[in-house]
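The next block holds one structure in the form of structure tokens; read it before the comments.
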Amino acid sequence: METTTARMETPRAAGAAGVVFALLLAAAIVLMRYAIPSGDAAHAPVASDRRWAVRTALEIVPFSGIFFLWFMGALRAHTGDAEDRFVATVFLGSGFVFAATLYVSAAAAGSVLQESTAPSGFGRSFAYALLTTYGMRMAAVFVFATSTIGRRLGVFPRPLTLLGYVVGLVLLLTGSSVPWCEMFFPAWALAVSLYILRASRRR
């Protein structure tokens, strides 16, 4: 009885972790955009009075990655064991690569921020491109795979599935060319997590 109850509560707890992930990632993005409000973020200077925003964003990123892994667990627990192996492999691979790019880009940005002299242009470009170009495109693949699993198994309603495909296309095609487009990923994660919480309550 206790084991069954624990299994039923797992999607709810992990769905809450997905909500936390979405809020943390959105906060980190907002802080970075506040520190670098316009221009090419890979080369635009960071004002001295706004460097705290970058530091705070870099402190948030590790926790965001941790809760993202819990979010992945929530999705797998919600879909069950009947998912297609091919799509499940893409789902896991894209999720892990996104988490890796998130950590590596944060580490690169942190090393550039700690430089006492003028920040390295290569380091700034590397951190920015890794997150907005490669990381967001891996996020797009993750959204596509998740939406496909939800559609095939019928665990996601049609509007949520269509929302996932639209978000995936936006992240895949725009990348770093459109400012603030990376906010679509945490917004989608928040919508999915809230649906998981609602579905677990119905159970």
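The residues on offer are F156, F144, and the sole one that is under 15 Å from the mean Cα position of the chain (by Cα) and closer than 19 Å to A191 by Cβ is F144. The conditions of being in a helix (DSSP H, G or I) and either crowded, with 17+ Cβ neighbours inside 10 Å or modelled with pLDDT under 60 (or both) are not met by T56. From the list R33, R85, R7, R50, the lone residue that is among the basic types (K, R) and modelled with pLDDT under 65 is R7.
Among the listed residues S94, S125, identify the single one that is assigned to a helix (DSSP H, G or I) and at pLDDT 85 or above. Give the steps one after another, and end with the answer.
Numbers: S125 fails: at pLDDT 85 or above.
Testing whether each residue is assigned to a helix (DSSP H, G or I) and at pLDDT 85 or above leaves just S94.
For the range 85-104, the tally of residues that are in contact (Cβ under 8 Å) with a residue 40 or more places away in the chain and either of a type in the set (A, V, I, L, M) or under 20 Å from I60 (Cβ atoms) (or both) stands at 8. Tell me whether the range 163-176 contains one or more residues that are buried (at least 20 other Cβ atoms within 10 Å of the Cβ) and under 16 Å from R33 (Cβ atoms). No: the range 163-176 contains no residue that is buried (at least 20 other Cβ atoms within 10 Å of the Cβ) and under 16 Å from R33 (Cβ atoms). Only a single item in (1) surrounded by fewer than 21 Cβ atoms within 10 Å (Cβ to Cβ); (2) of a type outside the set (S, T, N, Q); (3) modelled with pLDDT under 85; (4) closer than 20 Å to R51 by Cα is not met by L131, and it is number (1).
The values are calculated or read from the model by the stated rules, or taken from the named source; none is laboratory data. Since this is a predicted model, take the numbers as computed values, not measurements. We place every Cβ from the backbone using ideal geometry, glycine too, and count neighbours over all the protein chains shown.
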